[in-house]
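The values are calculated or read from the model by the stated rules, or taken from the named source; none is laboratory data. The shown structure was predicted, so the numbers you read here are calculated from the model rather than taken from an experiment. Cβ coordinates were reconstructed from backbone atoms using ideal geometry, including for glycine residues, and neighbour counts include every protein chain displayed. Accessible surface is based on the protein model in full, side chains and every heavy atom, while ligands, DNA and RNA are left aside. Shrake-Rupley method; radii C 1.70, N 1.55, O 1.52, S 1.80 Å.
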Amino acid sequence: MIRRDKSRLAQLPTPFERLPRFSAHFGRGDEASSIWIKRDDCTGFAGGGNKVRKLEYLVADAVAQGADVLVTMGAIQSNHARQTAAAAARSGLACVLVLADTVRGREEPYRSNGNVLLDRIFGAELQVLAPDEDAAAAAERTLERLKAQGRRPYFIPVGGSNALGSLAYRDAVLELAEQARAVGRRIDHIVLPTGSGGTHAGIAAGVAEAGLSCQVHGISVSRAQESAHALVSGLVAEVAVLTGRTDAALPKIDIDDSQIGPGYGQPTAAMQEAVETLARTEGILLDPVYTGKAMAGLIALLCAGRIPHGETVVFWHTGGLPGLFAYPELFR
Ligand SMILES: *Cc1c(COP(=O)(O)O)cnc(C)c1O
């Protein structure tokens, strides 16, 4: 495999912990059946979350290419945008965030609190688009403007989900496999939120590479099953090129699209209940857009018997806490 540089941003390894009270709450209190958590909300940098791992590769690549400004895009409450703004600051780069106004029906504080507030503190330039404005076209115009000004922009796709960003989650699985080995635990299932797909793709690639016999359940937060499947599968194939594993069979990609509700960023009752249940049994916070829906997905799998007793499941916490401050009306 080609050696690739990483910028050091994350606090690694992130904790791998058992959830005793949450497990017992769902009748999984016995040791063999318990629910574990991989705490990538604790990657440490700029409020934590999964994009920190991806940005270690992406920022190193930007610096190697001589870039002086990072450009990325996302929703107004994008965690990825916030982590990119911080990574740029840490690396001495400027940052432009193209933020799409795609989540309908949200007013204040969605537009000013949570991640947006932090983006501003990190000194990023924010371009908030009009509803219905094409984000990819807007990002393209921004790149052209910067180049015309003599700047050297480096473009990071939505969620940092290209092959290089996804590769960080292949590495993260090797980290988890080591932690599981250290506590003598076989992992049967991993449950995580699937958004732009890079985290899921990297985890699927890592599970295959490490030879773990473990099922990966991606709980989609935006795309229907078929399109999420195509997205993640495409990224897995690209990661295989980077790791020199193009001869190996591609792993099975499992997408569960039952938790999306009315759409991306739109709250659901099951999400809200999942956020409250984990907070009230373990003192751990989830977010309304990604991890709350993914945990609702895990709870649904448990209740439907899709994760049998005697099997160990790991919930991969991907962060997102600032997003809670954009949805205060849910928790009054
Ligand atoms: C971006 C994000 C995800 C989704 O990860 P992808 O790699 O985009 O699929 C999940 N959780 C949180 C908190 C995120 O910010």
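General remarks:
- Selection count, segment 99-120, where residues are under 17 Å from Asp134 (Cα atoms) and either without any contact (Cβ under 8 Å) to a residue 24 or more places away in the chain or within 16 Å of the ligand (Cβ to nearest atom) (or both): 4
- Scanning segment 31-46 for residues that are assigned to a loop (DSSP other than H, G, I, E, B) and touching a residue at least 60 places away in the same chain (Cβ under 8 Å) yields Ser34, Thr43.
- Selection count, segment 2-37, where residues are among the charged types (D, E, K, R), more than 20 Å from Leu164 (Cβ to Cβ) and touching a Phe, Trp or Tyr at 6+ places or on another chain (Cβ under 9 Å): 3
- Any hit, segment 283-299, residues being within 17 Å of Pro267 (Cα to Cα), of a type in the set (D, E, K, R) and within 16 Å of the ligand (Cβ to nearest atom): yes
- Helices (runs of 4 or more DSSP H) fully within segment 142-248 that include at least 3 residues being more than 10 Å from the ligand (Cβ to nearest atom) and within 24 Å of Ala296 (Cα to Cα): 163-182, 225-242.
- Evaluation of Ala89 against the conditions (1) open to solvent by 30 Å² or more (accessible area, probe 1.4 Å); (2) in a loop (DSSP other than H, G, I, E, B) shows that the sole unmet condition is (2).
Conditions tested, residue by residue: (1) modelled with pLDDT of 95 or more; (2) under 24 Å from Arg18 (Cα atoms).
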{"position": "Ala180", "(1), (2)": "yes, yes"}
{"position": "Ile187", "(1), (2)": "yes, yes"}
{"position": "Gly206", "(1), (2)": "yes, yes"}
{"position": "Gln215", "(1), (2)": "yes, yes"}
{"position": "Gln225", "(1), (2)": "yes, no"}
{"position": "Val232", "(1), (2)": "yes, no"}
{"position": "Val241", "(1), (2)": "yes, no"}
{"position": "Ala248", "(1), (2)": "no, no"}
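- Gly283 being crowded, with 22+ Cβ neighbours inside 10 Å and either on the phi > 0 side of the Ramachandran plot or within 16 Å of the chain's Cα centre (by Cα) (or both): no
- Any hit, segment 128-141, residues being in contact with a Phe, Trp or Tyr (Cβ under 8 Å, 6 or more places away or on another chain), in a loop (DSSP other than H, G, I, E, B) and under 25 Å from Gly320 (Cβ atoms): no
- Unmet requirement for Leu129, which otherwise passes all of (1) touching a Lys or Arg at 6+ places or on another chain (Cβ under 8 Å); (2) open to solvent by less than 20 Å² (accessible area, probe 1.4 Å); (3) away from the ligand (no atom under 16 Å from the Cβ): (1)
Here is a yes/no grid of residues against (1) within 11 Å of Gly323 (Cβ to Cβ); (2) open to solvent by 50 Å² or more (accessible area, probe 1.4 Å); (3) not basic (Lys, Arg):
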residue: His80; (1), (2), (3): no, no, yes
residue: Cys95; (1), (2), (3): no, no, yes
residue: Ala100; (1), (2), (3): no, no, yes
residue: Gly105; (1), (2), (3): no, yes, yes
residue: Glu108; (1), (2), (3): no, yes, yes
residue: Asn113; (1), (2), (3): yes, yes, yes
residue: Phe122; (1), (2), (3): no, yes, yes
